[in-house]
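Below is one structure, written out as structure tokens, with a few remarks after it.
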Amino acid sequence: MKHGKYPLIITFLVPPLLLYGIFVLSPYLQAFQISTTNWLGYSASADYVGLENFGNLLRDGALWNAVRNNAILLVLLPVLTIGLGLFFASMLNMGGRRGTAGVVGVRGSGAYKLVYFFPQVLSVVIIALLWKEVYHPNNGLLNATLRGIGLPAPTWLGDPRTAFWAVLAVMIWSNVGFYVVLFGAAMQAIPKDIYEAVMLDGASRWTTLTRVTIPLLWDTVQVAWIYLAIAALDGFILIQQMTDGGPNHSSDVIGLRMYNTAFGSETKFGYASAIGVVMFFLTLSVAVLALRASRRDRIEYS
Amino acid sequence: MKRRDILRRTAAASLLAVPATGLLTGCALGGDDDNSGGESLEGTKSEQNPLGVKEDAPLEVVIFNGGFGEEYAKAHEAMYTEKYPKATIKHSATQEINKTLQPRFVDGTPPDVVNNSGAGQIDFNGLVSQDALADLGELLDAPSLDIPGKKVRDTLLPGVVDVGSYDGKFLVLSYAYTAYGIWYSTKLFTDRGWQYGKTWDDHIALCRQIKAAGIAPWTYAGKHPRYMSWPVISMAVKLGGQDVAKAIDNLEPNAWKSDAMKAAADAWYQIVKDGFIMPGSPGLDHVQSQTEWCRGKAAFISCGSWLESEQAKVTPAGFNMTVAPTPSLGPGDKLPFEAMRGTASEPFMVPAKAKNRAGGLEYLRTMLSMKGAQDFTKKVSSLSVVVGATQGAELPVGLTSVVKALDASGSNGFNWVYNNYYRKLERELVDAACGEFFSGRTTPAEFLDQCQKGADQIAGDSSIKKYKRQ
């Protein structure tokens, strides 16, 4: 049996690795190569220009504007999504205070769980279209409600002061459901007797959450942080569908810059690849940093 | 657990577009530039066959599957095979011209005819500067297929050759003819007893009247505010003559800040200042704003003649949309009120490396025949660039008004092409400036400054090829 092990492993491993190499790794490497050329995308010729594209990147005001927006996303998206996710998950799983056993969710938590997960089953494009109508300045759900209660109704997606934040809200809305489920699952794994002990000591919900639940969920929070950080550096689909980076570039992101440079208003594939390479390193360093910064001792339940 | 996931997520999130472009062009860079397309198939030229089509050579046609659909193209293809029964035609239609065809251009095996249109259009500056397009000059000098005694050149509406020419070479045949103007519903206007104002003062007076009646005078596509650059530039061209547009097209210094542009921007600022624009317009996209307009919430909208078919599904019966030229600024205008922007659109091209280049040209000649053009107008309710092809056809209300307006405009018609030469300038830079201006955040002077800054940015970018409009 033992000597048959390696052929088996190889048979299972080689095809996926080959596919990964051809369809993921090799394009990456080529993107690096293309980023050092002035390739315009529609002929087979391109001149090697060294690091000129990267030099131009540094002086590209439109790109810096996009980087700034991504940086804001990078800070706010994980914080708000994880915060809301933890809050909802703990309410659904241990927020209820009826009875003495205590460790149950609020009333109707089953239904809430279902509702929170809705956005996750919709495709991002559908979410974008849906919210575009919700934000419709005259007939939208949001402004109709605001007018109904006598509040001013801003032009959400048409005003540089609000457009970016309106999209950020949608990003959080569409992400939070998944993390509620993720955190909820992790909470289920925490032994109930810990909570019973905490409650006997008379801890409030807030103390329970911050002193017990979050430390015990740290691994999961860390994963969520990295996922969300990566999502924050992207944001392309929602932005492109909802605002196309406008008005006046106020909601631009790096991914949209790259897309427009190659496929949109220009065909500068060399320059777009350079933007892609920068994004690659940004994403990679953010992921590594997030892992480093949040490293803690792992708690094992015995 | 997570490292592998991280990599995968990174792949998905960060380099969304790059893997695709890199992959599809696998051996693109460093490959040889010439001959990869092989020899072009050619037959012997004759009176019957002036372009030298090889009668059994296969022909590949790629159509943009947008507002016009693909049925009209299938009819043209049938006409082609009627003349060359031995030829087989490979037809395909897509909305993503760019993503579908980019690898084939790099590979040197592009199709023979490409309808390069829509949001996924390939930037012409990129194509032309990389010599990817065949010269269509030969087609212009070939005799028309079914209009006796005329060359193809003489069967085209004015401006068609101009708009498809880059540095004097005719490379792009735009097949549909589009008029740009200001649209309103004749029903609404008759019901209320309003009259379209021919001068700007009359227009403003009418706007006041409309607003008093509880309707917003104007709306526009806030997500694509460049639609509003068209009436502004139109007004400037009518005031200052064709050179105003030429200066903009040729990226001349301070072309956007010419006296005519200043006067036009000042004039249009009035509708912003006086609150004549429907509140919320900056937050609408083109379909949303056009729909508000169709619902009678706003009286005027700036658009091209595709508006009628784009809105067909939501236009109420009896709405009767009509196009009118931009109002004149005053008696000092160089062009009369009737002058309007008309231009050929819906571009077709034959790639330089097409295998059956002669067949591609012949296909365009088939499209430009009287029979082909009439069939197009009948099928898609749009004008073609062939003179007189609408005669006898029954046109919908809006298109009838377009034909009438273009007739009245006649030789005073004008156009600009900077949007073809430098796509980014209109689509991104002037677009953003219009958004700021028409939502009231910038003054006319700041608006023109922002446009000029955009033009200067393009002018100063050595990686963008510059063209000169004659």
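Bear in mind these aren't lab numbers, they're just calculated from the coordinates by the rules spelled out. Note that the structure is predicted; figures quoted are calculated from it, not measured. Here Cβ is always computed from backbone atoms with ideal geometry, including for glycine, and neighbour counts include all displayed protein chains.
Key figures
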quantity: Placed amide H near B:Ser384: partners under 5 Å, 5+ positions off or other chain; calculated: B:Tyr177
quantity: Neighbour cut-off at most 14 other Cβ (10 Å), DSSP loop, trypsin sites (Lys or Arg not before Pro), the range B:103-152; calculated: B:Lys150
quantity: Rotationally averaged projected area of the range A:152-247 (alpha carbon convex hull; nm²); calculated: 8.5
quantity: Nearest-ten-degree value, helix A:61-94 long axis tilted from longest Cα axis of chain A; calculated: 20
quantity: Residues in the range B:49-80 that a label on B:Asp154 would reach, taking backbone N under 19 Å of a point 7 Å out along Cα→Cβ; calculated: B:49-51
quantity: Student exercise, the protein assembly as shown dipole from Lys, Arg, Asp, Glu Cβ charges, in Debye to nearest 20; calculated: 2560
quantity: Point-to-point label distance, A:Leu141-B:Asp131, nm (Cα→Cβ direction, 7 Å offset); calculated: 5.7
quantity: Within a Gaussian network of chain A (alpha carbon springs, distance under 10 Å), most fluctuating of A:Ser250, A:Ser109, A:Ser45; calculated: A:Ser45
quantity: Cα→Cβ-extended label distance, 7 Å offset, between A:Thr207 and B:Ala213, nm; calculated: 7.1
quantity: Distribution of pairwise C-alpha distances over the protein assembly as shown, 10 Å bins, in %; calculated: 2, 12, 20, 22, 19, 13, 7, 4, 1, 0, 0
quantity: Cross-link table B:Lys223/B:Lys313; B:Lys246/B:Lys465; B:Lys257/B:Lys334; B:Lys223/B:Lys378; B:Lys211/B:Lys378; A:Lys132/B:Lys404, entries beyond 29 Å C-alpha to C-alpha; calculated: B:Lys223/B:Lys378; B:Lys211/B:Lys378; A:Lys132/B:Lys404
quantity: Relative contact order (%) - the range B:184-294, alpha-carbon pairs under 8 angstrom, separation at least six; calculated: 37
quantity: Extension gain from B:Lys378 to B:Lys313, taking 0.36 nm per residue of separation minus the Cα-Cα distance; calculated: 21.5 nm
quantity: Percent antiparallel among DSSP beta bridges (both partners in chain B, rounded to 5); calculated: 65
quantity: For the range B:126-164 and the range A:210-238, distance of Cα centres in Å; calculated: 59
quantity: Other protein chain Cβ atoms within 10 Å, averaged over every residue that makes up B:282-292; calculated: 5
quantity: Chain B: relative contact order as a whole-number percent, Cα under 8 Å and 6+ apart; calculated: 24
quantity: FRET efficiency, 1/(1 + (r/R0)^6) with R0 60 Å, evaluated for A:Ile72 and A:Ile194 via beta carbons; calculated: 0.95
quantity: Modelled FRET efficiency - R0 60 Å, A:Ala185 with B:Ala393, Cβ distances, 0.05 increments; calculated: 0.40
quantity: Using alpha-carbon coordinates, inclination of helix B:97-107 to the longest axis of chain B, degrees; calculated: 40
quantity: Extension gain, A:Phe54 back to A:Val79 (0.36 nm per residue minus Cα-Cα distance, nm); calculated: 5.9 nm
quantity: Surrounding net charge for B:Leu206, when Lys and Arg each add one and Asp and Glu each subtract one, Cβ distance under 13 Å; calculated: +1
quantity: Within the range B:41-191, percent of DSSP bridges classed antiparallel, to nearest 5; calculated: 25
quantity: Extreme residue, positive dipole direction of the protein assembly as shown, given options B:Trp200, B:Gly67, B:Gln374 (C-beta unit charges); calculated: B:Gly67
quantity: P(r) histogram, all alpha-carbon pairs of chain A included - 20 Å bins from 0, percent; calculated: 25, 48, 24, 2
quantity: Within a Gaussian network of chain A (alpha carbon springs, distance under 10 Å), most fluctuating of A:Ile254, A:Ile72, A:Ile230; calculated: A:Ile72
quantity: Relative contact order (%) - criterion: Cα under 8 Å, at least six apart; region: the range A:59-293; calculated: 27
quantity: FRET efficiency estimate (nearest 0.05) - Cβ-Cβ, B:Lys334 to A:Leu25, R0 56 angstrom; calculated: 0.35
quantity: Length released on extending from A:Arg292 to A:Asp219, taking residue separation times 0.36 nm less the Cα-Cα span; calculated: 25.0 nm
